[in-house]
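First comes the structure, then the notes that go with it.
The values are calculated or read from the model by the stated rules, or taken from the named source; none is laboratory data. What you see is a predicted model; the values in this text were computed from it and never measured. Cβ sites come from the backbone with ideal geometry, for glycine too, and all protein chains shown count toward neighbours.
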There are 2 protein chains.
Amino acid sequence: MGPRDGLQAEEPVAAKERAALVDALAEAGLQEIEAVSFVSPRAVPAMAGAAEVMAALRRKPTVRYLALVPNRKGAELALDADVDGLTVTVSASPVYNERNVHMTIDQSVSAVAEIAERVAPRALPVDAVVSCAFGSPYEGDIAPVEVNRLGERLKEVGAMSLTFADTTGMATPRRVHDLLEVVGPDVGLHLHDTRGTALVNAYAALERGVTRFDTAAGGIGGSPFAAGAGGNLATEDLVHLLDDLGVQTGVSLERVLAASALVTEMVAHPVPSRVAVAGPRDRSEPG
Amino acid sequence: MGPRDGLQAEEPVAAKERAALVDALAEAGLQEIEAVSFVSPRAVPAMAGAAEVMAALRRKPTVRYLALVPNRKGAELALDADVDGLTVTVSASPVYNERNVHMTIDQSVSAVAEIAERVAPRALPVDAVVSCAFGSPYEGDIAPVEVNRLGERLKEVGAMSLTFADTTGMATPRRVHDLLEVVGPDVGLHLHDTRGTALVNAYAALERGVTRFDTAAGGIGGSPFAAGAGGNLATEDLVHLLDDLGVQTGVSLERVLAASALVTEMVAHPVPSRVAVAGPRDRSEPG
């Protein structure tokens, strides 16, 4: 999700360049790419021009191009742009939800219901992201049963799959374990590296059977609404780990690193990924 | 080992300040602190004044103050300075050993034998660090049986314990597992974060029963002979993880963060630890 969660807090990048990044990720072998978000360009200037990004893609039939949408209007724009699936997000933290999207959790669940209803005739899958699933800067820890209850509600109103997000980097291996005990392994995880724990949390989840992870090439990102948030789990850091574990991903580390180099140019600052900087372990420098 | 491996590649810091850092780490509850190294000040200027550091400490009887020594001469200086234990290092990589200390592995093993013999009458424990234990930038991967063979030799010549070091950040959870299968869990691990894997490797080792880890407050460090080497596993990042796992360490995260703030002042640049920058999870910032 580099083109979306990765770039949303950066200085705006032209739609054409963002499309080139999505294409590079598709070339790397990623099968699902969150390419755009149909949010208000006033609220998130870096995400303006989502339809242009979608139109500029060299689409591969094997890749699913996803869009984040906040409401029914966004879903309609996404349908017009011919996306392959939607992601929606609701926070497990009432205060975070209120400050982020100015809605109560109930109102956000209703918005998801409207979105799911709108795209059902087109059989477009909707993945619901539960943010602050490992704790909130406002309420502190949120009990896994409570997080699960929100996930269940989102499935009841039409979400086909769930992703649990560590929005401000409060997850730890123990808390990943505790949540997975309740929600099971058939979920996605969206991890941030605010406290340097993104990779260890992914590893703890892998050990418990999770196979779906949100990542961003270069490890860029962070919420435009959460200044303290660190970047996303870096795609290359996870692929580097999985390759070494012998897990088949179909993703080329070499090409992810090429996409990450593209990201570094686009954002014009060093990216957080350590593998991007140091190179893979088989290219260790003697110094 | 912040005062030693942490500071050795930095601009030299006065002995008095280094002693204050050691004292701060002792106050934080760390029970073994590698405080100094008795190496040639020409080779490693930042480590000059080891005897002065030792003399300036406010020693706590519950803390063991260790010194790295390269040879018999260093061991004698360490004895004079009244250290509680020694660490010695030999590389599993012949080329790395040659370039680092200008000795063959056999010559380095002989040096360890001489050191152990010299300090035996004083019953001073010697911990032998096998560097490049998870791969070398020169030879690539080094088989765990070969790494173990070197460890066994070092024990035969008098090392009382072994530590395996990921000198250039080539370890992964799989390789930690593979080495521990051969050497067992009763070893120390010395991890570097060159590829952002220090914490995940520590976690993988913890799961397999390892309880001894080398860390540096702030995550500073890197070999003066290996320019590509990233910092050490950050003490606060590991303590933050262990606290959340409910592992008793006797170490105060709060006081490690205070020591880390001291380190940041001493090196006059931001430290790599993410917990040092973002704060513990229970102080998550809403942004």
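A few notes on this one:
- Filtered residue count, region B:96-143, keeping only those that are aromatic (Phe, Trp, Tyr), crowded, with 23+ Cβ neighbours inside 10 Å and touching a helix residue (DSSP H, G or I) at 6+ places or on another chain (Cβ under 8 Å): 1
- Number of positions in region B:25-40 that are under 14 Å from the mean Cα position of the chain (by Cα) and either of a type in the set (D, E, K, R) or surrounded by fewer than 22 Cβ atoms within 10 Å (Cβ to Cβ) (or both): 3
- Taking the criterion of being within 21 Å of the chain's Cα centre (by Cα) and closer than 19 Å to residue A:282 by Cβ, the residues of region B:106-160 that qualify are B:131, B:132, B:133, B:134, B:135, B:136, B:137, B:142, B:144, B:147.
- Residue in region A:170-188 that is farther than 27 Å from residue A:115 by Cβ, modelled with pLDDT of 95 or more, of a type in the set (S, T, N, Q) and surrounded by 24 or more Cβ atoms within 10 Å (Cβ to Cβ) present: yes
- Any hit, region A:6-16, residues being within 25 Å of residue A:256 (Cβ to Cβ), basic (Lys, Arg) and crowded, with 18+ Cβ neighbours inside 10 Å: no
- Unmet requirement for residue B:43, which otherwise passes all of (1) assigned to a helix (DSSP H, G or I); (2) surrounded by fewer than 18 Cβ atoms within 10 Å (Cβ to Cβ); (3) at pLDDT below 95: (1)
- All positions within region B:1-38 that are among the β-branched types (Val, Ile, Thr) and touching a Leu at 6+ places or on another chain (Cβ under 7 Å): B:13, B:22, B:33
- From the options A:204, A:276, A:268, A:259, residue that is over 16 Å from the mean Cα position of the chain (by Cα), surrounded by fewer than 24 Cβ atoms within 10 Å (Cβ to Cβ) and of a type in the set (Gly, Ala, Ser): A:268
- Residue, farthest from the other protein chains (Cβ to nearest Cβ), within region A:181-192, restricted to residues that are in a helix (DSSP H, G or I) and hydrophobic (A, V, I, L, M, F, W, C): A:183
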